[in-house]
Amino acid sequence: MFTHAEVWRGIDRLAKQNGLTPSGLARRAGLDPTTFNPSKRITKQSKSRWPSTESLAKILTATGTSFGDFVSIMSDEPAKDARHTSQRLRSIPLDQASASGLFDDAGFPVGDGWDEIDFPNLDDAHAYALEVRGDALLPAYRDGDLLVVSPAAQVRRQDRIVLKSRSSETVAGVLVRRTAQRIELEPFQTHEPSKAYAVKDIAWLGRIVWVSQ
């Protein structure tokens, strides 16, 4: 059985592990920045309050953390079987991702044109990282941020994705709508309108599962 203190401690530690404050962790997960504030942890009757399962699910997804790993960091002593390993990810600047020979037809990274980085606790052999250069994705992401993309992950509405069209355009944004005929993407740039792509014109897409900011 978990206690309130353990769950909130796990959230604080998860934020710290990712170089964020609890407010920053909430923002990354698409939540209100005040979601994990101390004032939200106690009711007006001075009783301990649980975080919602939805907010927990969102921060685990946003940080690429399994529930088992979250349980281990809630404890004062990490579980014996907790993973403390790293994996080497292929990495390339986002603005170079449209170059030929970097991806196969399914959107999996191939070829020798990649750099490599060490990345902790990611159980996805096909994941790769795209480095943001300049201000192309402001205000969502800044220069130097790393977008970790899983080409094998299931993609649903409101997921953050990277998409490559057959015309070689590579864009990142939020999946607004998906039908059998087309995909509608909302770019991260606030001044850009939503874009619709015919499914037949899409080379591949992958879900952004983690962001290093």
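Laboratory data are not the source of any read-out in this text; all were calculated from the coordinates shown. Quick caveat, the model's predicted, so the values are computed rather than measured. Note: ideal-geometry Cβ built from the backbone for every residue, glycine included; neighbour counts use all protein chains shown.
Laid out as a table, the results:
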{"read-out": "Residue pairs meeting the criteria (Cβ under 6 Å; at least 6 apart or on separate chains; first closer than 13 Å to residue 211 by Cβ, in region 13-28; second surrounded by 15 or more Cβ atoms within 10 Å (Cβ to Cβ))", "value": "18/63; 25/15; 25/59; 28/62"}
{"read-out": "Which listed residue is closer than 22 Å to residue 160 by Cβ and over 16 Å from the mean Cα position of the chain (by Cα), from 39, 52", "value": "52"}
